[in-house]
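The structure appears below as C-alpha cells.
The values are calculated or read from the model by the stated rules, or taken from the named source; none is laboratory data. Just so you know, these numbers come straight off a predicted model, no measurement behind them. Positions of Cβ are backbone-derived with ideal geometry, glycine not excepted, and every protein chain shown enters the neighbour counts.
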Amino acid sequence: MSNRIRYILLWLISLLTLPYRLRLRRRLLRDGLRQVLVMRPDHVGDLLFASAALRLLRVGLPKTMIVLAVGPWSEGVAARYSSYYDTLMTIPFPGFTRQAKGGLFAPYRTLWREAGRLRRWQRAHGRIELAVNLRFDFWWGGLLCLLSGIPLLGYDTPLLRLFATVKIPYLRGKHEVEQNLVLVNYSIHKWGQPTDTPSAPFFHLSQAERDWAIAWLRAQGWVEGEPLLVIHPGAGDPAKQWPVERWAAVASHLLKQRGCWLLLTGSEHERQLCAEIVWAQPKSAYQRIMNAAGQTSLAELAALLERADLVMGVDSGPLHLASTLARPTLRLFGPSDARIWGPWPPDTSQHQVIKATSLTAISVAQVVQAAQALFDGKQS
C-alpha cells in the first residue's frame, strides 16, 4: 500500500471517529490517571533510550499503575527495568518484527487481534486511562489505542496527530532520549509530581555478571589492564552494515599498532560475519582475538562491553548499550540520523560518529584515525 493511500485511509478513520475521540479526551481530563500504558515497539537500542523516560514516569507518577508494552524481541531487556513498571505486555508490533510481512492485510489482522486482547485485559484489570506512544512515527499504535478505547498521548507528527488525544510537538533533529523525556514530562506535569530524576539512559549490572565477564576474558588469556577493543560489526538492518572486509582491515591496523586485544561480538546469526574478520588476520594475531558472537546473553554482552577501552560498530543496540555503560564508542552512520539515534550524551569527546550518505563512502583510514584518537583520549 502506498504512503499516500495509507494516509487517506487513516485520515478518513480519524475523521469518522472524531466524536468518539473527543469523548475519550473528556474522560481522560475527568478521571485522571490510575493506569497508563507505555508503548515502545522497537528493539534493544531504542528501549535502552526509553529507560530514562520509564524511570522518570515511575518516580513522577508513584501511585499510577504502569503497563509497559514491547515487542517479544525486547522482552529480555525490558525485564532489566521491571522495578519501573507494574505489568509487562508483549505485542508483535508490525514493522518491527524483522520477519516477512505476511501479506498486505497482516498488520490489520494483528491490529484487530491485539485490540481485542487489550479490551479483555481492561475488563479483567481495570481501565487504562492513557497510552504514551514513545515512537514518533508509530501510527499503528495510534490505531491500536483507538480500537482499545484508550486515550493517546503522542507526538504531533503527520500520522500520529490523526489519533492522538493529546499532541506534543516533535522537535526535528533532537535526540530520541530528549524526545521521550518531553513526552513523559508532560504527563507528569499534568497528573503527577515534579521530580529531579536523572535523565540519562541506564542498564544495571550485578556484581555476579561483572565477575562472569572478567572470568570469561581471563579464560581467553586476557590480562586485566591490557587494552581491549570491541568490534560489533552487525546490525539488525543490513543497510546499516559496513563491509566486513573493511572491519577486518581496521582490526589488522589496530591489533598491530595498539597491541590491543580484540573482542568480536554479535548474535548467533552474526557468527559468520565475526569469523570472517578473524580469518582475515595473520595467524600470529589469533592469540589476541576473542570471538563471542552467539555465545552471550544480553547481560553477559553488557558485562563484556563494560570492560572495553573502545567499542566500535554501526547504528545498533550493542553500541547504544556500550554508551549507556559509559564506554567510549566509535560508530558509523549511513542512512539513519545520528542526531536522533546517535550516542547519548551526544556532545562528548567520549563518543565519535563518522557519518556519510552511504556507509561504503566511509574509508578504513577514517575509522582507524578516529579509533586512534579515542584510544589516546582514553589513555591520556
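I need a count of the residues in the stretch 27-42 that are surrounded by fewer than 23 Cβ atoms within 10 Å (Cβ to Cβ) and touching a residue at least 24 places away in the same chain (Cβ under 8 Å). Before the answer, list the steps.
Here is the first cut: in the stretch 27-42, the residues surrounded by fewer than 23 Cβ atoms within 10 Å (Cβ to Cβ) are 27-35.
Subsequent filtering for residues that are touching a residue at least 24 places away in the same chain (Cβ under 8 Å) retains 27-28, 31-35.
The total comes to 7.
Using the structure shown, decide if Gln272 is part of a helix (DSSP H, G or I), free of Cβ contacts under 8 Å to residues at least 60 places away in the same chain and not hydroxyl-bearing (Ser, Thr, Tyr).
Working: part of a helix (DSSP H, G or I): yes; free of Cβ contacts under 8 Å to residues at least 60 places away in the same chain: yes; not hydroxyl-bearing (Ser, Thr, Tyr): yes.
Spelling it out, Gln272 is indeed part of a helix (DSSP H, G or I), free of Cβ contacts under 8 Å to residues at least 60 places away in the same chain and not hydroxyl-bearing (Ser, Thr, Tyr).
Scanning the stretch 72-93 for residues that are surrounded by fewer than 18 Cβ atoms within 10 Å (Cβ to Cβ), in a loop (DSSP other than H, G, I, E, B) and under 17 Å from the mean Cα position of the chain (by Cα) turns up just one, Pro92. Taking the condition buried (at least 22 other Cβ atoms within 10 Å of the Cβ) and closer than 20 Å to Val44 by Cα, does Leu332 pass? For Leu332, the condition - buried (at least 22 other Cβ atoms within 10 Å of the Cβ) and closer than 20 Å to Val44 by Cα - is met. Counting residues in the stretch 281-299 that are closer than 22 Å to Gly334 by Cα, in contact (Cβ under 8 Å) with a residue 24 or more places away in the chain and part of a helix (DSSP H, G or I) gives zero.
Residue-wise test of (1) among the aliphatic types (A, V, I, L, M); (2) farther than 30 Å from Leu262 by Cβ.
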site: Tyr155; (1), (2): no, yes
site: Ala164; (1), (2): yes, yes
site: Pro169; (1), (2): no, yes
site: Lys190; (1), (2): no, yes
site: Ser206; (1), (2): no, no
site: Pro227; (1), (2): no, no
site: Gly234; (1), (2): no, no
site: Gln241; (1), (2): no, no
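Every condition in (1) farther than 20 Å from Pro243 by Cβ; (2) modelled with pLDDT under 95; (3) of a type outside the set (Phe, Trp, Tyr) is met by Asp315 except one, and the failing one is (1).
Name the single residue that is farthest from Asn291 (Cα to Cα) among those in the stretch 223-244 being in a helix (DSSP H, G or I) and touching an Asp or Glu at 6+ places or on another chain (Cβ under 8 Å).
So in the stretch 223-244, the residues in a helix (DSSP H, G or I) come out as 238-240, 244.
Pick out the ones that are also touching an Asp or Glu at 6+ places or on another chain (Cβ under 8 Å) and you get 240, 244.
Numbers: Lys240: 21, Val244: 15 Å.
This residue is Lys240.
Please pick out the residue among Phe96, Phe136 that is outside any helix (DSSP H, G or I), in contact with a helix residue (DSSP H, G or I) (Cβ under 7 Å, 6 or more places away or on another chain), crowded, with 16+ Cβ neighbours inside 10 Å and not β-branched (Val, Ile, Thr). It would help to see each step written out before you state the result.
Working: Phe96 fails: in contact with a helix residue (DSSP H, G or I) (Cβ under 7 Å, 6 or more places away or on another chain).
Selected residue: Phe136, the only one of Phe96, Phe136 that is outside any helix (DSSP H, G or I), in contact with a helix residue (DSSP H, G or I) (Cβ under 7 Å, 6 or more places away or on another chain), crowded, with 16+ Cβ neighbours inside 10 Å and not β-branched (Val, Ile, Thr).
When Gly45, Gly126 are screened for being of a type outside the set (Phe, Trp, Tyr) and surrounded by fewer than 19 Cβ atoms within 10 Å (Cβ to Cβ), only Gly126 passes. Between Ala302, Ala285, Ala293, the distinction of being closer than 23 Å to Ser206 by Cβ, small (Gly, Ala, Ser) and either assigned by TED's automatic domain parsing to the domain that holds Trp341 or touching a Leu at 6+ places or on another chain (Cβ under 9 Å) (or both) belongs to Ala302 only.
If you check Gly173 against the conditions, is it in a loop (DSSP other than H, G, I, E, B), over 22 Å from the mean Cα position of the chain (by Cα) and surrounded by fewer than 18 Cβ atoms within 10 Å (Cβ to Cβ)? Spelling it out, it is not the case that Gly173 is in a loop (DSSP other than H, G, I, E, B), over 22 Å from the mean Cα position of the chain (by Cα) and surrounded by fewer than 18 Cβ atoms within 10 Å (Cβ to Cβ).
A single member of Leu29, Leu33, Leu57, Leu24 is in contact with a helix residue (DSSP H, G or I) (Cβ under 6 Å, 6 or more places away or on another chain) and assigned to a helix (DSSP H, G or I), and it is Leu57. Out of Pro198, Pro227, Pro233, one residue alone is surrounded by fewer than 18 Cβ atoms within 10 Å (Cβ to Cβ), in contact with a Cys (Cβ under 9 Å, 6 or more places away or on another chain) and either within 26 Å of Phe333 (Cβ to Cβ) or touching a residue at least 12 places away in the same chain (Cβ under 8 Å) (or both). It is Pro227. If you go through the stretch 300-316 and keep only what is within 23 Å of Val368 (Cβ to Cβ) and outside any helix (DSSP H, G or I), you end up with Arg307, Ala308, Asp309, Leu310, Val311, Met312, Gly313, Val314, Asp315, Ser316.
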